[in-house]
Amino acid sequence: MSEKVHWWHGILARSLMAVAGIALLMGGVSSLLVNQVVGERAHGQAVLKLGELLDTVESTVSIAAFVGDAQLAKEVAQGLLRNSEVMQVTIRSNERELVRAARGPLRVGDDSRAVRRPLYSPFKADEVIGEISLAAEQTSIDALVAKDVWFTGWLMAIQLALVIAAATAAMLFLVVRPIKETSDRLHRLDAASGERLAVPESHAKSELGRLVGDINNLTARLVATIGIESALLRQQVIDQRKYRDLFDKAAAGIFVADRDGRLESFNRAFAALTWLPRRKETTGRWLAEAGWQEPERLLALVRDALADPTGKATRADDFLLVGRRGDERWLHVAATPLGDGSVQGTLTDVTKRRNEEISARRLATTDALTGFANRAGLQHTLAEITPHTPPFALVMLDLDGFKRINDAMGFAVGDQLLILVAGRIRKVLDARDQVARVGGDEFALALVGEQSRVALDARVGQLLRVLAEPYDVSVAGKHDQIDIAASAGIAFFPADGHDLQELLRSAELALNSVQAAGGRNFGYFEPAQQVAVEHRHRIEDDLRHALGAGELHLVFQPIIDLSNGRLAGAEALLRWSHPARGVVMPDVFIPLAEELGLIDEIGLMVLRETCRHVATWRNAGLDIYVSVNVSVRQIPDGLPPGAVVGLLEQYGLPSNAIALEITEGVLMNNVVAAQTWIEQLRADGIRIYLDDFGTGYSSLSYLKRFPLDTVKIDKSFIRDMSADNSDRTLVDAIVTMAGSLGLNVIAEGVENTAQFDILRQIGCGYGQGYLFSRPVKGEDFAQVAAHINAALVAGWR
Ligand code: C2E
Ligand code: CA
Ligand code: CA
């Protein structure tokens with residue numbers, strides 16, 4: 001705080017001195033002015049007086065001058081000198097000086113300050129005959145002046161003194177005192193406690209008031225700023241203490257380390273989690289000191305975090321820690337760069353999660369029923385097959401007719417059986433052998449040990465014998481015996497496959513040939529089987545290419561109205577003109593197309609081509625419809641009803657210009673979706689035929705449940721109809737039943753007139769077969785159609 005203000009430095013002293021100085025200066029200047037003015041005025045008054053005196057003697061003096069009477073002049077002069085203001089009198093005529101008289105010594109020549117007046121002739125008013133001059137009495141004038149000056153001087157001095165006193169008092173009270181008071185108060189002010197300066201009385205609107213206001217504002221702001229600052233400081237201290245506490249007591253391990261893993265700091269949890277050897281000092285310790293299994297990977301993580309271009313990314317991974325006693329702990333380490341070349345890391349114990357993951361993986365790789373590995377498990381254990389893996393034999397085992405037992409006796413019995421089978425397999429295996437259940441009743445065995453065919457013949461032969469023994473199961477609480485045999489296919493590593501996939505495929509091929517030959521046996525993979533597979537692969541590739549290359553085309557087989565022998569319609573059948581193999585039949589490539597996912601695209605192409613042909617024929621006056629085969633796989637999404645309707649519209653065809661042939665498989669597969677699909681198409685006026693009736697389940701319920709139009713009786717029934725009476729009866733029954741349900745019937749595969757006759761006797765509505773026509777190319781169809789109709793006209797049999 002500033003020291004005391006001495007009075008002579010004070011505003012009061014200064015202003016008083018200023019006022020006094022100004023007063024003195026003003027006093028001096030005004031005295032001079034007064035002196036001058038008063039002098040002038042006194043002189044003026046003297047001249048006036050002298051003028052008045054002259055007026056009284058003027059006529060007398062004129063006579064004296066006219067006659068040159070010096071005596072008279074002298075008397076007048078004497079008279080004038082009796083006036084105290086007159087100092088000297090001179091009267092002259094034109095000719096001479098009549099008199100010069102003075103009070104006291106005569107002053108010659110100094111007439112400058114004298115009052116002169118010309119004297120005129122008493123007879124002629126404009127003739128100057130002389131002059132009279134009076135000189136004033138200077139000392140009396142001066143005395144008068146001095147008196148005046150003194151008086152005025154005193155007056156002014158008193159006035160000034162009064163003004164100064166008043167001004168000083170006013171300043172003292174109005175300005176200086178409030179300033180001094182304010183200054184003193186400010187000096188003692190305790191702003192922090194909220195004290196503020198009072199605005200001096202009646203200074204609310206003066207500069208002083210504003211100054212006080214400004215000071216108060218400034219003070220308030222200062223106090224506020226200081227308050228915030230100190231609060232921050234306090235918070236910082238608290239925070240630091242709190243974070244230190246958090247850091248120390250956190251359950252997660254926390255550390256700060258540089259790129260080489262030198263620890264700058266770490267908390268207790270870090271030390272505890274990493275089993276860091278106890279030592280007093282925390283400096284000079286290293287991240288890698290702990291028993292990490294892969295310290296290099298951990299350091300790489302730290303460096304990777306530091307190398308991140310954003311400088312913010314967190315790198316994290318799990319690391320295994322192995323304690324001195326061999327106990328293991330998984331720690332999740334997350335490292336985030338701090339921006340100063342070091343990382344901050346956290347550690348959490350994830351051992352539990354890792355163990356859960358491991359057990360989950362084990363679950364996912366284990367077959368719950370048998371406890372064997374499942375396919376994924378087998379993949380896992382055999383994943384690391386390398387050329388250096390010792391040879392082994394992969395045996396693919398399958399129970400013959402297991403499905404039949406499962407269907408007939410229920411899953412519970414099937415499961416019992418599988419458990420028993422697994423038990424028997426386990427007994428035959430060596431400790432080093434691997435086994436997995438890779439399908440419902442399929443087991444894959446990796447047999448190590450002696451790899452000769454003789455040895456394997458013995459082992460697998462024994463296995464099949466053991467498995468062929470009767471099984472005791474309980475069926476609905478009662479004991480029962482099941483007889484079931486197994487088949488096996490064997491492939492060798494590395495001869496028959498370099499990885500599990502190939503080996504499984506080879507063993508499966510061997511198994512397939514065994515089963516094709518009746519099962520209850522085992523066989524080895526033969527390259528010829530592989531050749532068949534490769535052949536298939538080649539066809540697959542070719543088929544993929546065929547679609548784009550335009551190698552697929554349609555043929556059309558007429559459908560005949562048996563009541564009158566007229567052409568009713570046709571069925572579109574697909575052909576593949578393979579550049580090397582010639583014409584490939586649909587039975588061969590349609591299943592392939594289904595497997596390869598090509599069937600949707602092919603199906604749409606067939607429908608489009610059909611529409612194109614039908615449109616051409618209809619335009620040429622051939623009023624027929626064509627039915628198109630639809631694969632199970634196309635329904636419902638591969639051939640949306642909207643797409644069918646769209647194509648019909650595109651070719652300007654009515655909805656009865658085509659029909660769709662589906663098989664019972666469609667109706668069994670996804671009942672709800674199939675029903676919706678059929679109903680939508682029916683709603684659009686498109687007819688649905690049930691193809692190959694009699695080969696599948698031929699359930700009557702389908703015919704009732706689904707809104708079908710026509711049933712196509714499979715050609716196998718028609719073929720045997722003439723020879724086998726039961727088939728004739730069956731066809732008869734189907735026709736009758738269909739009739740009762742309001743369905744049309746088409747007999748497929750009508751090859752001879754005998755069949756034709758029977759069908760007509762039975763009352764079958766329509767027929768299709770080589771007897772009428774083989775499937776023909778689109779461009780030949782019109783001619784064939786004409787021939788059929790002509791034949792009718794000619795009296796068809
Ligand atoms: P499907 O629908 O039962 O077709 C009738 C099959 O019987 C045709 O064989 C036809 O050529 C043959 N056939 C006709 N008349 C006689 C006869 O009098 N005697 C004998 N033994 N057979 C006769 P294809 O053309 O080989 O077709 C076989 C199967 O391929 C068809 O059976 C059908 O299921 C399927 N298929 C054909 N084209 C297509 C198609 O465009 N799409 C789909 N998804 N499947 C098709
Ligand atoms: Ca068909
Ligand atoms: Ca058929």
Selection status of residue 321, part of a strand (DSSP E or B), touching an Asp or Glu at 6+ places or on another chain (Cβ under 9 Å) and surrounded by 13 or more Cβ atoms within 10 Å (Cβ to Cβ): yes
Test set (1) under 47 Å from the mean Cα position of the chain (by Cα); (2) within 20 Å of residue 545 (Cβ to Cβ); (3) of a type outside the set (Ser, Thr, Tyr) - residue 581 fails condition number: (1)
Residue satisfying all of: in the range 207-245; among the β-branched types (Val, Ile, Thr) and surrounded by 11 or more Cβ atoms within 10 Å (Cβ to Cβ); nearest to residue 267 (Cα to Cα) among these: 226
All positions within the range 240-286 that are modelled with pLDDT under 85, acidic (Asp, Glu) and assigned to a loop (DSSP other than H, G, I, E, B): 281
Pair list, Cβ under 7 Å, 6 or more apart: the range 450-479 residue under 19 Å from residue 521 (Cβ atoms), other residue basic (Lys, Arg): 466/424; 467/424
Residues of the range 686-737 that turn out to be of a type in the set (Ser, Thr, Tyr), crowded, with 19+ Cβ neighbours inside 10 Å and in a helix (DSSP H, G or I), as a count: 1
Any strands (runs of 3 or more DSSP E) falling wholly within the range 409-488 and containing at least 3 residues that are farther than 24 Å from residue 368 by Cα: 478-482
Complete set of residues in the range 559-574 that are away from ligand 3 (no atom under 16 Å from the Cβ) and either of a type in the set (Asp, Glu) or without any contact (Cβ under 8 Å) to a residue 60 or more places away in the chain (or both): 561
Residue match in the range 604-625 (condition: modelled with pLDDT of 95 or more, within 16 Å of ligand 3 (Cβ to nearest atom) and acidic (Asp, Glu)): no
Residue within the range 520-528 that is in a helix (DSSP H, G or I) and not charged (D, E, K, R) present: yes
Only one of 30, 15, 84, 59 that is polar (S, T, N, Q), in a helix (DSSP H, G or I) and more than 30 Å from residue 160 (Cβ to Cβ): 59
Filter pass, residue 692 being within 16 Å of ligand 3 (Cβ to nearest atom), free of Cβ contacts under 8 Å to residues at least 24 places away in the same chain and in contact with a Ser or Thr (Cβ under 9 Å, 6 or more places away or on another chain): no
Some residue of the range 504-519 being within 16 Å of ligand 1 (Cβ to nearest atom) and either part of a helix (DSSP H, G or I) or buried (at least 19 other Cβ atoms within 10 Å of the Cβ) (or both): no
Test: residue in the range 657-674 that is closer than 24 Å to residue 540 by Cβ, touching a helix residue (DSSP H, G or I) at 6+ places or on another chain (Cβ under 8 Å), buried (at least 17 other Cβ atoms within 10 Å of the Cβ) and at pLDDT below 95: yes
Matching residues in the range 705-722 - criterion: being among the small types (Gly, Ala, Ser) and away from ligand 3 (no atom under 15 Å from the Cβ): 722
Sole residue being closer than 28 Å to residue 138 by Cβ, exposed (fewer than 15 other Cβ atoms within 10 Å of the Cβ) and at pLDDT below 85, chosen from 115, 108: 108
All positions within the range 737-786 that are away from ligand 1 (no atom under 16 Å from the Cβ) and free of Cβ contacts under 8 Å to residues at least 12 places away in the same chain: 740, 742, 761, 779, 783, 786
Single residue of 405, 385, 358 found to be among the β-branched types (Val, Ile, Thr) and surrounded by fewer than 17 Cβ atoms within 10 Å (Cβ to Cβ): 358
Members of the range 635-662 that are closer than 20 Å to residue 711 by Cα and within 15 Å of ligand 1 (Cβ to nearest atom): 635, 658, 659, 660, 661, 662
Enumeration of residues in the range 326-344 that are without any contact (Cβ under 8 Å) to a residue 24 or more places away in the chain and either under 26 Å from the mean Cα position of the chain (by Cα) or over 19 Å from residue 355 (Cα atoms) (or both): 334, 340
Number of the condition not met by residue 575 [criteria: (1) out of contact with any helix residue (DSSP H, G or I) (no Cβ under 6 Å at 6 or more places or on another chain); (2) over 30 Å from residue 790 (Cβ atoms); (3) within 16 Å of ligand 2 (Cβ to nearest atom)]: (2)
Matching residues, the range 637-668, being more than 16 Å from ligand 3 (Cβ to nearest atom) and either of a type in the set (D, E, K, R) or in contact (Cβ under 8 Å) with a residue 40 or more places away in the chain (or both): 637, 641, 644, 645, 647, 649, 651, 653, 657, 658
Positions within the range 190-206 being surrounded by 17 or more Cβ atoms within 10 Å (Cβ to Cβ) and in a loop (DSSP other than H, G, I, E, B), in sequence order: 197, 199, 200, 203
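The values are calculated or read from the model by the stated rules, or taken from the named source; none is laboratory data. Here the structure is a predicted model, which means the values were calculated and not measured. As a convention, Cβ positions derive from the backbone with ideal geometry for all residues, glycine included, and neighbour counts pool all protein chains shown.
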